[in-house]
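To start, the structure under review is shown below, and the notes come after it.
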Amino acid sequence: MKVLRILALCLISSAIVSCAGEEKKEEEKKSIKIEKKTEETKKSDSDVAKLVITGNDLMQFNKKELKVKAGQKVKLTLRHIGKLDVNVMGHNVVILKQGVNLEDFAARAATARDNGYIPEGTDEVLVSTKMIGGGQSTSIEFTAPAEPGSYKFLCSFPAHYAMMQGDFIVE
């Protein structure tokens, strides 16, 4: 008899709790704000070259070539699709100015750990992302050079440049 009373109390209590939970769920509905893009917004979005490049745990970029127009605004996103930590398999994207020797730059960058593997005080870099590890992503925004041509890009983590490099082409 005592067991039946306890069981009945448990059932009634759980019914009350579950009913209260349903009311709470209804109150927690989130509102979604829908915005219309104006012509001005669409135009500014289309003026930006949105480039995405990935790096993995096998020291590979998924692209060897990135193209933009001279003077165009650029949003460059790097996604590290691997799992290894930044200290083991960190990646960044460094776009060098024209005429910079890639191997020489990479050798100096390899010793600049405290500066994200970018040689301190260098004037050879157009732009660079921060160093990231597996599962992370980073973006930079900049204006492409006005001078058309091919600019080298690389990952400056020690020894990665051998496999992780390409051309940033300004048309």
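The values are calculated or read from the model by the stated rules, or taken from the named source; none is laboratory data. Quick caveat: nothing in here was measured; it's all calculated off a predicted structure. For neighbour counting, all protein chains shown are included, and Cβ atoms are generated from backbone atoms with ideal geometry for every residue, glycine included.
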- prompt: Does segment 95-125 hold any residues that are within 27 Å of Ala146 (Cβ to Cβ) and among the hydrophobic types (A, V, I, L, M, F, W, C), and which are they?
  reply: Ile95, Leu96, Val100, Leu102, Phe105, Ala106, Ala109, Ile118, Val125
- request: Would you check which residues across segment 85-121 are under 24 Å from Gly135 (Cα atoms), in a loop (DSSP other than H, G, I, E, B) and hydrophobic (A, V, I, L, M, F, W, C) and list them?
  value: Val93, Ala110, Ala112, Ile118
message: Restricting to segment 123-171, and then to whatever is at pLDDT 95 or above, in contact with a strand residue (DSSP E or B) (Cβ under 9 Å, 6 or more places away or on another chain) and acidic (Asp, Glu), can you tell me which residue is surrounded by the fewest Cβ atoms within 10 Å (Cβ to Cβ)?
response: Glu171
message: If I ask for residues that are small (Gly, Ala, Ser) and in contact (Cβ under 8 Å) with a residue 60 or more places away in the chain, which ones from segment 123-158 would you list?
response: Gly134, Ser137, Ser139, Ala144, Ala146, Ser156
message: Looking only at residues that are hydrophobic (A, V, I, L, M, F, W, C) and surrounded by 15 or more Cβ atoms within 10 Å (Cβ to Cβ) in segment 86-96, which one is farthest from Glu141 (Cα to Cα)?
response: Met89
message: Being on the phi > 0 side of the Ramachandran plot and among the aromatic types (Phe, Trp, Tyr) narrows it down to one residue among Tyr161, Tyr151, Tyr117; which is it?
response: Tyr117
Filter pass, Asn92 being more than 14 Å from Gly55 (Cβ to Cβ) and polar (S, T, N, Q): no
- prompt: Quick one: in segment 47-79, which of the residues that are within 17 Å of Met131 (Cβ to Cβ) and outside any loop (DSSP other than H, G, I, E, B) is farthest from the chain's Cα centre (by Cα)?
  reply: Phe61
field: Output for segment 73-85, where each listed residue is without any contact (Cβ under 8 Å) to a residue 60 or more places away in the chain and buried (at least 17 other Cβ atoms within 10 Å of the Cβ)
entry: Arg79, His80, Gly82
query: Among the residues of segment 97-111 satisfying the criterion of being more than 18 Å from Thr138 (Cβ to Cβ), free of Cβ contacts under 8 Å to residues at least 60 places away in the same chain and of a type in the set (A, V, I, L, M), which is surrounded by the most Cβ atoms within 10 Å (Cβ to Cβ)?
result: Ala106
